[in-house]
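Each value in this text was obtained by applying a stated rule to the coordinates, not by laboratory testing. Since this is a predicted model, take the numbers as computed values, not measurements. Because the Cβ atoms are built from the backbone with ideal geometry, glycine has one as well, and the counts that use them run over all protein chains shown.
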Amino acid sequence: MSAQGSPYTSGPPSRHDGHASRGANPLRRPSDRFEWWCRRVLLVVLLLGLPAAAVSAGTTAYEASMDTVRAQAAERHQVTARLTSDVKGDGWATRPAQVRWTDAAGVVRTGAALVEPGTAKGDTVRVWVDREGDVTGPPASELNATTSGWLVGGMAAFGVAAASGAAWAGTRRVLDRRRYAQWDAKWNAVEPRWSARFRP
């Protein structure tokens, strides 16, 4: 048989040979196309939204925490106070004890501060007080602000990832339920004719 009459032509295959393109696949349902696009949209949201949300939320939390750090640093200062009683016990955990100090105006003040166990009456300790002269805790540090920023940023990233995963799972669930319903409807239409072929 000559090459002209051969059913197998030579040369590169036609663009229409082989597998059909994604859009031209006759077996592809509208739900398959919707799922394909939804998966890519969620992937873009995950790749772009996750770092954007993490950086934005983390930066906002860090700046807010730094405002608190600066405010507390301006409002609080340390004073030297004396214990009014012995602090009994041992170990590393601090315990509340009564202390007395004289403020800048010459007024004698008292308050409760955390002191290491075993400290004797009359010993001096450094305590933090606010503008009103009340005993308070130490001001927040930049480390606290940095930790807050990382924590909030991580939570934001997790939230975006969880939301994307939930959206994808919900979309798949809805599409699968619709597909099963379509399959059942088609089978109910075809099964009587198909099974009739095997009846005597």
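Put simply, when 127-134, 147-154, 181-188 are sorted by average Cβ atoms within 10 angstrom per residue, most first, you get 147-154, 127-134, 181-188.
The alpha carbon radius of gyration of the range 141-200, expressed as a multiple of 2.2 N^0.38 Å, is 2.46.
The Cβ shell under 14 Å around residue 102 holds other residues with a net charge of +2, Lys and Arg each +1, Asp and Glu each -1.
The local environment of residue 38, defined by Cβ-Cβ distances under 11 Å, has a net charge of +2 under the rule Lys, Arg +1 and Asp, Glu -1. Electrostatic tally near residue 88: other residues with Cβ closer than 12 Å to its Cβ, Lys and Arg +1, Asp and Glu -1, net -1.
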